[in-house]
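The values are calculated or read from the model by the stated rules, or taken from the named source; none is laboratory data. These numbers come from a predicted model, not from an experiment. Please note: Cβ atoms are built from the backbone with ideal geometry, for glycine as well, and neighbour counts cover all protein chains shown. Side chains are part of the model used for accessible areas, which takes the heavy atoms of the whole protein and leaves out ligands, DNA and RNA. Shrake-Rupley method; radii C 1.70, N 1.55, O 1.52, S 1.80 Å.
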Amino acid sequence: MRLLPVALLLFALPALAQVDARVAFLTKQLEKGKDPRARSQAALVLGATEEPEAVRPLCTGLEDESEVVRAAAAKGLATLKEASGLDCLKKHQEKDAATLVAVREAIKALEDFKNRKPRLYVALGLKDKTGSLSPELVKISEERLKRRLIHAGAMLAPPKETKKAAQGVLKKNSIRGYQLNIEISNTEGGGLRLAVLCLRYPDMALLGQVDVQASGAEPADLLKALIPKAIEDAAETFEWST
């Protein structure tokens, strides 16, 4: 077994609690701002938030009276890379030629992202070891993990997949398979830890573990910060790009 380094993150971010507030603020700017330039900037920043909640205001922005804002909303949806944004883009009826180009480019970007060749195959398991998180928060965290993995180029394995079926997928796509068993636990300082145990899939050969932890905010905000860091560290540690 190859010995891999353990990645550890220790931080306290008071700004974590501002994630939802930031989306809400940008949404208000996009929907009620008087200056089209400010509304268009809000749309572009919403697209960079990586928050699925940004889809709704961006879709609403496609109906703005300003063609500059509508184009920015389309670009924001392309940047956000949420498949749910495709529906409003395809339904949108645009008369301005330049904005229509932006809408079509956004549709193509999202369809290309949706249909791109996978880089790895991942079976995911998530357990709450704290005993204090709500089932809803655990479910939301699981969905965030899935989105992060998809954005990292992963195809997700179905639950209870047979070894033969998994091997068929790996052979067909010429990619590697990984099993990620992730546990959420409390830290001594009152924060949360994500322990990411990585195994080869479907053979289940142990590759190593990555730990990230944080404190200084509510559990929901801590998990929002820990999930992308856990996936980034796992991708680097287990060399998903090679």
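Among the candidates 53, 82, 31, single out the residue that is within 30 Å of residue 193 (Cβ to Cβ), outside the structural domain of residue 183 (by the TED database) and touching a Pro at 6+ places or on another chain (Cβ under 8 Å).
Sole residue among the options that is within 30 Å of residue 193 (Cβ to Cβ), outside the structural domain of residue 183 (by the TED database) and touching a Pro at 6+ places or on another chain (Cβ under 8 Å): 82.
Of all the helices (runs of 4 or more DSSP H) wholly in region 86-199, which have at least 2 residues that are under 19 Å from residue 230 (Cβ atoms) and not polar (S, T, N, Q)?
Per the criteria, 135-151.
Just to be sure, is residue 110 more than 20 Å from residue 237 (Cβ to Cβ), open to solvent by less than 30 Å² (accessible area, probe 1.4 Å) and assigned by the TED database to the domain that holds residue 80?
Considered against the rule, which asks whether it is more than 20 Å from residue 237 (Cβ to Cβ), open to solvent by less than 30 Å² (accessible area, probe 1.4 Å) and assigned by the TED database to the domain that holds residue 80, residue 110 comes out as yes.
Can you pull out every residue in region 44-80 that is small (Gly, Ala, Ser), crowded, with 21+ Cβ neighbours inside 10 Å and farther than 21 Å from residue 97 by Cα?
Correct list: 47, 54.
Could you check region 213-242 and list, in sequence order, the residues that are more than 17 Å from the chain's Cα centre (by Cα) and either surrounded by 21 or more Cβ atoms within 10 Å (Cβ to Cβ) or not in a helix (DSSP H, G or I) (or both)?
213, 214, 215, 216, 217, 218, 238, 239, 241, 242
Taking region 30-43 as the region of interest, how many residues are open to solvent by less than 70 Å² (accessible area, probe 1.4 Å) and free of Cβ contacts under 8 Å to residues at least 40 places away in the same chain?
8
For residues that are open to solvent by less than 30 Å² (accessible area, probe 1.4 Å), over 20 Å from residue 207 (Cβ atoms) and small (Gly, Ala, Ser), tally how many sit in region 164-184.
So the count comes out to 0.
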